[in-house]
1. What FRET efficiency do you get for A:L916 and B:D31 if R0 is 60 Å and r is their Cβ-Cβ distance, rounded to the nearest 0.05?
2. I'd like the orientation of helix A:858-873 relative to chain A: the angle between its Cα long axis and the longest Cα principal axis, in ° from 0 to 90, rounded to 10.
3. Tell me which cysteines of chain B come out unpaired when the rule is another cysteine's Cβ under 4.7 Å.
4. Which of the chymotrypsin sites (Phe, Trp or Tyr not before Pro) across region A:607-639 are loop residues per DSSP, with 14 or fewer other Cβ within 10 Å?
5. For a label point 7 Å from the Cα of A:L426 along Cα→C-beta, name the residues of region A:302-323 whose backbone N is under 13 Å from it.
6. Under the definition of Cα pairs under 8 Å and six or more residues apart, what whole-number percent is the relative contact order of chain A?
7. Take B:K186 and A:S362, extend 7 Å from each Cα along the Cα→Cβ direction, and tell me the distance between the two endpoints in nm.
8. Go ahead and set up a Gaussian network model of chain B, Cα springs under 10 Å, then flag whichever of B:P209, B:P251, B:P233 fluctuates most.
Amino acid sequence: MIWKIIVGLKAGITDARGNRVKKDIAEHLGIELDVVRTHDVYTVDASLSDADVERVAHGPFSDSVIQDVAINQPLTRDCDMLIEVGFRPGVTDNTGRTAKEAIQYLVDRPFAPEEGVYTSTQYLFKGLHDKVTAEKIAGDLLANGLIQRWTILAKGETEPPVDAAAIPRVVGQVSTEVRQIDLNVSNEQLVQISRDGMLALTLEEMHRIRDHFTDPQVISQRQQCGLGSQITDVELEALAQTWSEHCKHKIFAARVFYEDEQGRKEQIDSLFKTFIVGATREVRKNLGEKDFCLSVFKDNAGVITFNDDWSLVFKVETHNSPSALDPYGGALTGIVGVNRDGMGTGMGARLIFNTDVFCFASPFYDQPLPPRLLHPRRIFEGVVEGVEHGGNKSGIPTINGSIQFDERFAGKPLVYCGTAALMPRLLNGQPCHEKKVQIGDHIVMTGGRIGKDGIHGATFSSEELHEGSPVTAVQIGDPITQRKMFDFLLLARDRGLYTSITDNGAGGLSSSVGEMAEDTGGFELHLDRAPLKYQGLRPWEILISEAQERMTLAVPPEHLDKFITLAKEMDVEATDLGVFTDSGYFNCLYQGQTVCCLSMEFIHEGVPQMQLPAKWIPPLVNEPAFAEPGDYAQVLEQLLGRLNICSKEAVVRRYDHEVQAGTVVKPLTGVTNDGPSDAAVFRPLLDSFEGVVVAHGICPSYSDIDTYHMMACAIDEGLRNYVATGGNIEHVAGLDNFCWCDPVLSEKTPDGPYKAAQLVRANQALYDYCVAFGVPLISGKDSMKNDYQIGDRKISIPPTVLFSVIGKIADVRLAVTMDVKKPDDLVYLLGRTEDELGGSEYYAQLGHLGAHVPQVNATVALQRYRTLNQAQQQGLLASCHDLSDGGLGVTLAESAFAGGYGMDVDLALIDAPADLRADKLLFSESQSRLLITVAPQHQVAVEELFCGQSCALIGKVVEAPELKVRDGAGRVLVQTPLDRLKSAWQAPLKEM
Amino acid sequence: MAAKVRAIVISGNGTNCEREVAHACRLAGADTDIVHISELLADRSRLDDYHFLNLAGGFLDGDDLGSAKAGANRLTHARVAGRQDSLADDLRRFVAAGKLVMGVCNGFQLLVKMGLLPSFDGDFRQNCTLTFNDRGRFENRWCNLQVNNHSPCIYTRGLTDIFLPVRHGEGKFVTDSPETLERLEKEQLVVVRYADAQGDPTLIYPDNPNGSVAAIAGICDPSGRVFGLMPHPEAYVHRTHHPRWTREDLPEEGLGLALYRNAVDFIAATLI
């Protein structure tokens, strides 16, 4: 029997959600409506009595203080139009799951497999009369057609009946079919097989597979397991996942044939090994006994020391492709996914904070959108909400992040999600950051169930966004199921109930079990034992589904019962799926029949190395000639209001950045708690004052001139932010996330060699500067296909690297914030200002790119950062703020209005070339510069510390709340009240 | 003597603040255990063994059916192994025994939706609720709170104002009728209110972050021993928690800790 329970607010109660929707419709779609109200709908398909349903409706499903309930009839007919939005079949419905559990408690029996609860939302409109507009509101704002469906009822139309057709149940037949695929076909057909199956395998890779399967030894071995000579769909899918760009990083592993601008040629055997692993090896060698790295590159996240008892785990991921299709689900999955990386590192770790960096096109984009692209404003909204739910509900504070804007991110938004975690140095006497599966350990999957969601996520993100991009690649995360699982796993870890753990991300069980089995050299996995969300999944789908909230563990036989019992008590599903062996084979069975038998060696080592041509031809760029601005104050206000500079407070406040009570330097700071912090300082142990400092650098705008300097600037920016708050420059690790446009030469990418050369140059800088700064890289991730191509329209993102840094501050009570503190404090600019405005915000405001991209001198910068640390340790700094987008002008304004006191500075005192024009002095983006304020009694000490370095006393903090900038020749360039500057900075995204 | 005060913080199903709440209880001098709800349902751990129950912030069951609704349903209907009682029965017995209960954020929502607050005449009937913020958004911001000195609340004794963070999407306090609000006021059960910079209760955003009626941020039961509030006292137990600690002279200890100290001192004086 099916019941439809509708819950709505009583008359007179504010409908905050309805009001928000009304406002969004007006702002996004330009449609003014009279009233929007909302109802929650629960469609219950279960064997219940009418009395039970009454109890449910008036119990857990509604709040009698503010809500009314109707069962199997409309709650009200008082509207002009009703739109009801529900999920498509198979899409994760978290509220439906919770509603089902609530009924089970109430009637004291579990639901049968075919019983369920499905949720939807009704939007009731007044002032909306035509269905065409209603359709637009539904499709463009209320719902995402990929995962949701809707019905529209105009006034007077009858409600559809409450029947089976109304519920999005997946009705599938149990399908045990395993197809055999003939690979002895033409090249065209091989390519077709790969494209049709969303396999993302190249022709060369298809050949490699075909050849493997004609090897007589392979054929005879297959006969022994009851398999024919043709590859099964399970095997082909497993290979496609494992060999995908997403999992195998084929571009970073490629042999690159690089030619520079002088025609010098060199071969690079793997960018990853040469520059990333190479840099870390060199840095660790130089650190010697001071090396603080514990586990790098080999696990789901990197691990460094925190103190003698604790280790620090850090990972940053991207989730770009899914976020392009479903911003909310994509971003939510991004954050809960990277959380599993922390949990799945070593023997598991407790998550302590998240970081988020997004790259979008302007939310105010007003050009026609190419097909299949969502408006940047919807992407912005959805991503922010996804991360909000993912982080807040998981109880993990989001403490650091930023948002970058460039029109090209309309083609693909970038969604970077990071997580740090803490683990004991030793667990039951063994290093906690190490793990090893033993032969005979059971393969146990915990957490969520497997569905069709997330099938082909790994291969999908290994391609550009195109017409056929699959809907099933989109998933919705479930933070609570994951939270419950993590509570259980930390207990199981401490009790020593497992030997290894990893997460199920890209490639699902295929990747997680396949990778863990490298410890033993084989496994036997029974796909039919895996718990499913619904029937109808074929064996290959079970193997590669990326359904969320799942971890895979190796549990010794003697602990299996204890493990499963503890899971059950804590309401977590745990299932024994097979054993790890030393057979040498990736072996999957379904109902006792072998459906996949691949040699471990072939699946892990068989992928051919890609050959990548790369040729660097520097772009033709020029420095613009233009007149000095007449009104500096106006220019400064314009810059403060640029999207890359303006306040992101509306977003920051939606993230819980204080849960766990460790956030010492919060994202917002200053006299009215709204200034922009450079980095976050976090105290992970409540009984200690040792802290973690986290920051990042990202400068895609410099890529259009030279990715070498883009990378150098991103590293410097990350470290600059880090030291500004007090992070110890001697104990800091880096993490690189490359997001590139496809650099592989092909018909659709004729400029591949240029993009590949940009990649080489960024990697060269990564090596050079990490070694020079002494910063080891501990983990990272690349996302290499950030293009959009439909028809003739191609949009490639600017090459972008997020450089995240994590390290230590010995005592958080010595942290420094960016807001000026007291009148009469002295203002110093550390670092020389050069004519470096190429790719700057100032040039962009004037419509120029420029040529003089900022360059980093690591030797000078490192000395400055070390000295800054000394000054912080001695408590000499009142404030410290880095100079980045918008240069000195923006930094002065931010420090002043955050602190609530004015500043009076003279540009003539700046360390810079003598003839540099005032606008360049104010807005140059020369790197490694910091603005500090110092109480007068510390003047001598500070000047002694920085003696011999670029350290210019340029002015002082003043009581009057205005920023005054003079040019030394008696001209006052800027004299503006702080509240005016602050308003300009806060205005653009205030209402997002 | 204070060392004998035993505090429990329940965790599981989406609680998030159990560690810092336990830390605050310990700083205040209580022996404190974080106990997973499965331990209570398995009857391996019992509320009866404690004096001070803390319901911490979080998102019980994702707040999917409305904040704390599914959590309240579980406590009311899930049976403790081997007994006929639910945890809600245990909880009512705990309150009747004169013990202390504090719910913060999601814990406050839970107490209100289970009818434990305000529980006029000990009736355990729900007549208030916490619903979506007027702006329809989750927000993290620090708020000034005015303390009602006439309230029977034992936690806020000696305090006049507190500065604490709110971190919620469903914190707007409303009552089922004007009569309920009138009775809350008359019996002085409103303990803390959102206040402006001058310290006066306000209905204006952002000082009142959610639109709560009468600026109500927290209430207690007539005994003053059951107390719930949306702002997080456990988030301000040290000066470095304060958002302006780098620019203001602040006492080492955060004001939020005073609430826990009052609870522990009260127990030490009256229950042990």
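1. 0.35
2. Approximately 90 degrees, to the nearest 10.
3. So far as the 4.7 Å Cβ criterion goes, B:C17, B:C25, B:C105, B:C128, B:C143 stand without a partner in chain B.
4. Passing sites in region A:607-639 are A:F626.
5. A:308-310
6. Contact order relative to length: 11 percent.
7. The modelled label-to-label distance comes out at 6.0 nm.
8. Of B:P209, B:P251, B:P233, the Gaussian network model singles out B:P251 as fluctuating most.
Where a number appears in this text, it was derived from the coordinates with a stated rule and is not lab data. As the structure is a prediction and not an experimental result, all values here were calculated from the model. Quick reminder, even Gly has a Cβ in these numbers, built from the backbone with ideal geometry, and neighbours come from all protein chains shown.
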